[in-house]
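Heads up, the thing below is written out as structure tokens.
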Amino acid sequence: MSTPERLIESARELLWERGYVGTSPKAILERSGAGQGSMYHHFKGGKPDLALAAIRRTAEELRATAEAVLDGPGTPYERIEAYLRRERDVLRGCPVGRLTMDPDVIASAELREPVDETLDAIRERLAGIVEEGKEQRQFGPELDGEEIASAILATVQGGYVLARASGSPAAFDAGVRGLLSLLSPR
């Protein structure tokens, strides 16, 4: 793995574990095994530029993972169920969602942009699937695709918070089961 790749991967891991403030250039260099000054050599703006590259990579991966499930086989309900039940490191939290709780990321339009874009893209895809389900009469006509998509994302992100707070994935799983029972086809 090249030095820039090692730096990006190390920054991604540290951002997920510690957040932006808790991720020091020294910690990134130590984790990556890169030499002193290599971060500034490859990322001229230093930590903010490296963090942006890491956040973009994480956001792209999350989006691709979600789209692979949401664009997979099955009825609209089955695809939403597959998205909600897909394998996750629940106790670690969402690598993108956790960034929304980082005041330095939220304060920076540049760092926040890939987070917003990713969550918006997933929400839009979910809304489209709900509308598809309404057309197929799998979901009731009274459902609003945008609102249901927001509820799905809120369940996932809130489920992470509840699971981390309790130290058990059971809270996440309970939220998923509850939402799926509410969306259950007619």
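The values are calculated or read from the model by the stated rules, or taken from the named source; none is laboratory data. Predicted, not measured: the structure shown is a model, and the values here were computed from it. Quick reminder, even Gly has a Cβ in these numbers, built from the backbone with ideal geometry, and neighbours come from all protein chains shown. Accessible surface areas use protein heavy atoms only, side chains included; no ligands, DNA or RNA. Shrake-Rupley method; radii C 1.70, N 1.55, O 1.52, S 1.80 Å.
When residue 76 is tested against the conditions (1) touching a Lys or Arg at 6+ places or on another chain (Cβ under 8 Å); (2) closer than 25 Å to residue 158 by Cβ; (3) crowded, with 20+ Cβ neighbours inside 10 Å, the lone failure is (1).
Quick check on residue 57: is it without any contact (Cβ under 8 Å) to a residue 60 or more places away in the chain and surrounded by 18 or more Cβ atoms within 10 Å (Cβ to Cβ)? For residue 57, the condition - without any contact (Cβ under 8 Å) to a residue 60 or more places away in the chain and surrounded by 18 or more Cβ atoms within 10 Å (Cβ to Cβ) - is not met. May I ask you to verify whether residue 164 is part of a helix (DSSP H, G or I) and either closer than 17 Å to residue 75 by Cα or among the basic types (Lys, Arg) (or both)? In short, yes. Please find, within segment 143-186, the residue that is surrounded by the fewest Cβ atoms within 10 Å (Cβ to Cβ) out of those that are closer than 20 Å to residue 96 by Cα and among the charged types (D, E, K, R). Restricting to residues being closer than 20 Å to residue 96 by Cα and among the charged types (D, E, K, R), the top hit is 173. Being touching a residue at least 40 places away in the same chain (Cβ under 8 Å) and touching a helix residue (DSSP H, G or I) at 6+ places or on another chain (Cβ under 8 Å), is that true of even one residue in segment 21-43? Checked segment 21-43: at least one residue is touching a residue at least 40 places away in the same chain (Cβ under 8 Å) and touching a helix residue (DSSP H, G or I) at 6+ places or on another chain (Cβ under 8 Å). If I filter segment 130-150 down to residues being farther than 17 Å from residue 86 by Cα and hydrophobic (A, V, I, L, M, F, W, C), which single residue comes out as nearest to the chain's Cα centre (by Cα)? Here the residue is 148.
Could you please let me know if residue 154 is out of contact with any strand residue (DSSP E or B) (no Cβ under 7 Å at 6 or more places or on another chain), outside any loop (DSSP other than H, G, I, E, B) and farther than 20 Å from residue 57 by Cα?
It is true that residue 154 is out of contact with any strand residue (DSSP E or B) (no Cβ under 7 Å at 6 or more places or on another chain), outside any loop (DSSP other than H, G, I, E, B) and farther than 20 Å from residue 57 by Cα.
Tallying residues that are assigned to a helix (DSSP H, G or I) and open to solvent by less than 60 Å² (accessible area, probe 1.4 Å) within segment 124-138 yields 8.
Scanning segment 101-120 for residues being touching a residue at least 40 places away in the same chain (Cβ under 8 Å), closer than 17 Å to residue 153 by Cβ and not acidic (Asp, Glu) gives a total of 4.
Scanning for something of a type in the set (D, E, K, R), farther than 30 Å from residue 45 by Cα and surrounded by 13 or more Cβ atoms within 10 Å (Cβ to Cβ), does segment 100-123 turn up at least one residue? Scanning segment 100-123 turns up at least one residue that is of a type in the set (D, E, K, R), farther than 30 Å from residue 45 by Cα and surrounded by 13 or more Cβ atoms within 10 Å (Cβ to Cβ).
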